[in-house]
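The values are calculated or read from the model by the stated rules, or taken from the named source; none is laboratory data. Source: prediction; values computed, not measured. As a convention, Cβ positions derive from the backbone with ideal geometry for all residues, glycine included, and neighbour counts pool all protein chains shown. These accessible areas exclude ligands, DNA and RNA; they are computed on the full protein's heavy atoms, side chains included. Shrake-Rupley method; radii C 1.70, N 1.55, O 1.52, S 1.80 Å.
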Amino acid sequence: MLILGIDTSCDDTSAAIVENGCRIISNVVSSQSEIHAKYGGIVPELASRRHIEMIIPVVDEALSQAGVRLDDLAAVAVCHGPGLIGSLLVGCSYAKAACYARGIPLVAVNHLEGHILSVFLGESAPEFPFLSLVVSGGHTSLYVAEDFGSYRELGRTRDDAAGEAYDKVSKLLGLGYPGGPLIDSLAAMGDPDALEFPRAYLPESLDFSFSGLKTSVLNHLHHRTQKTASAGPLPQKEVQDIAASFQKAVVDVLVRKTEWAIKRQGVSRVSLAGGVSANRSLRDRMKAMASERGVEAFIPPVPLCTDNAAMIAAAGYHRARRNEYAGLELNPRAYLPL
Ligand code: KG4
Ligand code: ZN
């Protein structure tokens, strides 16, 4: 069963062909990072305009790399939320038009379900139930995946998502966008114990909070500028230390809270998903924690952590198997609970 997946939820235009929900035949991602970099974050209007330019070439490329035509598809799976409404509209409009023109069934996929099921595109896939930490630019949540289509949220961020904190701290440091990969690289050269940034463990809950950490980095930079009375750029070593100390605070919280969730739920499998799970330190420390606890860890390859349409096609396959098709009246939704 061949499914064309489409994701235009944020700032990447992506299309993929996936067979039976697990074999990627093509997965094309056109990044807009360069467009948004000079603003230090995504400009929604620019994102939607770029999606309009890219959607047809990106889908054509995914079909051509896979050597298939629209008529060979069992369904088109499109991400209809959550995300930026103007961006989502482009993918949904394309998908509906293609399905209408060719008489292909349409499947609507929640972006978060796509991230959770990205783990089925890796080399080894978990059995249900498993714990999934979804950690991206827009979300930071812990779920128990009980079956395909059945997810129970245990906790979520009360303010900033972890990726958002990375992007904002990167902007404060004058590094660029997206901040995650930049801070990840700088952190590898810094001292993670150079600065003591706060960790919001919220002990009674599996919720997260990262806005205090971001403010603490901001305060540190203010004090630093006042002390030296210089507004010039920080020495590279200092930037590396801030990056490493900030990253350690984020990863400490993500790993510790995942460990609590494992204990509370008594699960024996854990997975990571979303852009921040591309982070080297998070991947290593999550694996180490899982192995200490005798829990199996499933972490998708890096290109499947950040936004991609293969994960949408994989989730779409399982919906199609259950005959959960969408009508052509499908509308995207910026806020869409899983
Ligand atoms: O899943 P994703 O591609 O888009 C959303 O659904 O939000 O995640 C993007 C986020 C950005 O905030 C980016 O800075 C972060 O993932 N990210 C990283 C890394 N690579 C991407 N954060 C930390 N370390 C990385 N290596
Ligand atoms: Zn995402």
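Numbers below:
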{"item": "Accessible surface, 1.4 Å probe, highest first, among residues Arg319, Arg333", "result": "Arg333, Arg319"}
{"item": "Relative intensity, log₁₀ I(q)/I(0), of the stretch 277-321 from a Debye sum that treats every alpha carbon as a point, q = 0.14, 0.16, 0.28, 0.29 Å⁻¹", "result": "-0.46, -0.57, -0.92, -0.95"}
{"item": "Local net charge near Tyr177, Cβ-Cβ under 12 Å (Lys/Arg +1, Asp/Glu -1)", "result": "-1"}
{"item": "Among Ile242, Gly294, Val59 - extreme Cα towards positive end, dipole of the chain, charges at beta-carbon", "result": "Ile242"}
{"item": "Highest-fluctuation residue, Ala37, Ala95, Ala261 considered, GNM on the chain with Cα pairs under 10 Å", "result": "Ala37"}
{"item": "With eigenvalues of the C-alpha gyration tensor scaled by 5 and rooted, the chain, Å", "result": "35, 24, 16"}
{"item": "Overall dimensions of the stretch 124-299 by Cα: Rg and Dmax, Å", "result": "16.8, 57"}
{"item": "Dipole in debye (nearest 20) - the chain, about Cα centre, beta carbon charges: Lys, Arg +1; Asp, Glu -1", "result": "440"}
{"item": "Reachable aspartates and glutamates from Lys263, criterion Cα separation under 15 angstrom, eight or more residues apart if same chain", "result": "Glu204, Glu292, Glu296"}
{"item": "The stretch 79-163: radius of gyration over Cα atoms, expressed as a fraction of 2.2 N^0.38 Å", "result": "1.26"}
{"item": "Cα centroid separation, the stretch 63-103 to the stretch 200-274 (Å)", "result": "37"}
{"item": "Sparse-neighbourhood loop sites, GluC sites (Glu not before Pro) in the stretch 82-142 - DSSP loop, at most 14 other Cβ within 10 angstrom", "result": "Glu123, Glu127"}
{"item": "Spatially proximal aspartates and glutamates relative to Lys248 (Cα-Cα < 13 Å; intrachain offsets below 8 disregarded)", "result": "Asp184, Asp191, Asp193, Glu196, Asp284"}
{"item": "Extreme residue, positive dipole direction of the stretch 124-299, given options Pro203, Asn279, Leu221 (C-beta unit charges)", "result": "Leu221"}
{"item": "Cleavage-rule hits (GluC sites (Glu not before Pro)) in the stretch 130-212: DSSP loop, at most 14 neighbouring Cβ within 10 angstrom", "result": "Glu196, Glu204"}
{"item": "Residues in the stretch 157-171 that a label on Ser185 would reach, taking backbone N under 18 Å of a point 7 Å out along Cα→Cβ", "result": "166-171"}
{"item": "Residue-count net charge about Asp191 - beta-carbon cut-off 11 Å; Lys, Arg +1, Asp, Glu -1", "result": "-1"}
